[in-house]
Amino acid sequence: MNKSQTERIIDAIWRIESPKLIAGLTHMVRDVGLAEDLAQDALVIALEKWPVAGIPDNPGAWLMITAKRRAIDLLRRKKRLDEKYEEYGRGAALYSEQDLASVIEDEIEDDLLRLIFMTCHPVLSQEARVALTLRLLGGLTTDEIARAFLTAESTIAQRIVRAKKTLRTKQIPFEVPVGDELKERLSTVLEVIYLMFNEGYSATVGENWIRPLLCQEALRLGRMLAEIAPGEPEVHGLAALMEFQSSRLKARVGVDGDPVLLMDQNRARWDHLLIRRGLDALERIRQLGRPFGPYALQAAISACHAQARTPSETDWPRIAALYEALFRLMPSPVVELNRAVAVSRAFGPEFGLQIVDELNEEASLKEYHLLPSVRADLLFKLGRFAEARKEFERAAALTRNMRERELLMKRAAECT
């Protein structure tokens with residue numbers, strides 16, 4: 001294995017393990033900024049050693065123990081090492097390679113959830129909470145977060161720096177809140193998990209269209225939230241949505257890693273256990289007897305797809321109606337774009353195109369590749385191939401995911 005291959009593998013390991021590293025270190029040092037720095041130190045050491053010595057059998061455990069030893073050294077230098085940290089130091093020195101995985105798993109079992117609630121504290125602005133949590137727990141770069149928010153990268157970077165400083169100066173506790181405080185922070189926590197899952201379901205950049213492990217981590221956090229807040233409908237709504245979407249992950253890519261669109265997927269590959277779990281979560285919302293919120297409505301839309309045995313059996317009029325209800329609750333040009341797709345399927349592409357054309361002047365969608373992508377698909381269905389080709393090419397130029405770009409250019413070639 002050459003150096004560049006090793007570095008790519010290390011980068012993939014880092015994306016998977018960094019949230020756990022930061023959560024475990026925050027539990028130890030009670031400072032998310034310092035925790036992130038210590039995690040980065042461990043990454044630098046890995047980049048120096050692994051290309052020479054080889055990648056260890058348990059790279060996550062190696063990174064964690066390396067970072068914690070750095071933390072202990074730092075605390076000693078600052079003369080703030082109390083009995084707890086001495087215990088950490090004695091234990092860390094005795095860990096064998098075989099012991100690392102179980103020790104670290106025990107330590108960080110709930111730390112990720114604590115870290116989410118810490119970074120979603122109301123002392124931060126809504127935008128800062130989401131950006132910081134995605135950075136620390138989602139493993140997303142500032143560029144990826146900026147793309148998700150359709151915001152400048154410099155703006156996101158400033159939010160993250162200020163947020164970490166605020167958490168440090170205000171000494172925000174590393175804990176899961178209870179009672180009214182839990183409800184107060186819940187909406188932001190749900191938004192963070194939702195965006196984390198979406199990044200895994202459709203990666204912003206890179207060579208892979210999906211990042212399944214990021215989806216799995218978001219789903220795990222969603223299930224944990226459903227356990228600690230069982231009376232909150234939207235918690236179950238988000239959990240249901242992620243269950244349905246996760247059920248399609250295996251069918252979402254072909255053998256070569258190429259994207260497979262929803263209507264072309266082999267539904268026999270869908271995970272019916274996850275679909276069942278999603279339907280059960282929707283039923284729990286109905287039993288609570290409260291109106292469906294935005295996440296529950298999106299889950300209901302996904303349920304329509306999950307319950308259709310073939311693409312032709314999809315209840316598109318119901319999906320269009322659910323998107324209309326969602327837009328009333330959560331006005332958004334992205335929701336309206338999705339409604340346009342449903343309307344085109346239910347009533348014809350010309351009706352969907354009318355909605356899409358009205359979105360062309362929406363400033364927030366100027367760099368959003370799915371707008372020209374949807375418009376191109378509708379133009380193609382209407383036989384306006386020259387216009388469709390230009391829109392597919394424009395969409396390909398806007399996306400930064402290699403697999404999606406290839407798909408869009410293939411669609412453009414079909415317009416010839």
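The values are calculated or read from the model by the stated rules, or taken from the named source; none is laboratory data. Quick caveat, the model's predicted, so the values are computed rather than measured. Note that we place each Cβ from the backbone using ideal geometry, even for glycine, and neighbour counts take in every protein chain shown.
Considering only residues of segment 381-416 that are over 27 Å from the mean Cα position of the chain (by Cα), not hydrophobic (A, V, I, L, M, F, W, C) and not in a helix (DSSP H, G or I), which is surrounded by the most Cβ atoms within 10 Å (Cβ to Cβ)? Selected residue: R384.
Across segment 1-42, what is the number of residues that are in contact with a Ser or Thr (Cβ under 8 Å, 6 or more places away or on another chain) and closer than 20 Å to M196 by Cβ? Selection size over segment 1-42: 3. Suppose we keep only residues that are small (G, A, S) and not in a helix (DSSP H, G or I) within segment 184-206. Which one would you say is surrounded by the most Cβ atoms within 10 Å (Cβ to Cβ)? Out of the qualifying residues, it is A203. Contact map, segment 306-334: residues that are in contact (Cβ under 8 Å) with a residue 60 or more places away in the chain paired with residues that are of a type in the set (F, W, Y) and in a helix (DSSP H, G or I), Cβ distance under 8 Å, separation 6+ or inter-chain. Pairs shown: A306/F244.
Scanning segment 314-323 for residues that are farther than 11 Å from I355 by Cβ and of a type outside the set (S, T, N, Q) yields D315, W316, P317, R318, I319, A321, L322. The one condition from (1) buried (at least 21 other Cβ atoms within 10 Å of the Cβ); (2) out of contact with any strand residue (DSSP E or B) (no Cβ under 9 Å at 6 or more places or on another chain); (3) not in a helix (DSSP H, G or I) that V235 does not meet is (3). Among the residues of segment 240-290, those that are within 22 Å of the chain's Cα centre (by Cα) and among the small types (G, A, S) comprise A240, S246, S247, A251, G254, G257, G278, A281. If you check every pair at least six apart or on different chains, which have Cβ atoms under 9 Å apart with a residue in segment 259-278 that is in contact (Cβ under 8 Å) with a residue 60 or more places away in the chain first and a residue that is surrounded by 13 or more Cβ atoms within 10 Å (Cβ to Cβ) and of a type in the set (S, T, N, Q) second? Going by the 9 Å Cβ cut-off, the qualifying pairs are P259/S202; P259/N401.
Condition test on R394, is it within 20 Å of T151 (Cα to Cα) and touching a residue at least 12 places away in the same chain (Cβ under 8 Å)?
yes
Scanning segment 347-374 for residues that are over 20 Å from L261 (Cβ atoms) and under 23 Å from the mean Cα position of the chain (by Cα) turns up S364, L365, K366, E367.
Hey, any hits in segment 215-226 for a residue that's outside any helix (DSSP H, G or I), surrounded by fewer than 19 Cβ atoms within 10 Å (Cβ to Cβ) and outside the structural domain of D377 (by TED's automatic domain parsing)? No: zero hits. The set of residues from segment 53-90 being under 20 Å from P19 (Cβ atoms) and either at pLDDT below 55 or among the β-branched types (V, I, T) (or both) comprises I55, I65, T66.
For every residue, the table says whether it meets (1) of a type in the set (D, E); (2) farther than 16 Å from A300 by Cβ; (3) touching a residue at least 40 places away in the same chain (Cβ under 8 Å); (4) in the same structural domain as K410 (by TED's automatic domain parsing).
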residue: I228; (1), (2), (3), (4): no, yes, yes, no
residue: P233; (1), (2), (3), (4): no, no, yes, no
residue: L249; (1), (2), (3), (4): no, yes, yes, no
residue: D256; (1), (2), (3), (4): yes, yes, no, no
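Consider segment 365-380 and keep the residues that are out of contact with any Ser or Thr (no Cβ under 9 Å at 6 or more places or on another chain) and of a type outside the set (K, R). The one that is surrounded by the most Cβ atoms within 10 Å (Cβ to Cβ) is A376. Given the conditions (1) more than 20 Å from the chain's Cα centre (by Cα); (2) assigned to a loop (DSSP other than H, G, I, E, B); (3) free of Cβ contacts under 8 Å to residues at least 60 places away in the same chain, report the number of the one that T151 does not fulfil. (1) is the only condition that T151 fails. Output yes when any residue across segment 172-183 is buried (at least 16 other Cβ atoms within 10 Å of the Cβ), among the charged types (D, E, K, R) and out of contact with any Lys or Arg (no Cβ under 8 Å at 6 or more places or on another chain), and no when none is. So far as segment 172-183 goes, no, none of its residues is buried (at least 16 other Cβ atoms within 10 Å of the Cβ), among the charged types (D, E, K, R) and out of contact with any Lys or Arg (no Cβ under 8 Å at 6 or more places or on another chain).
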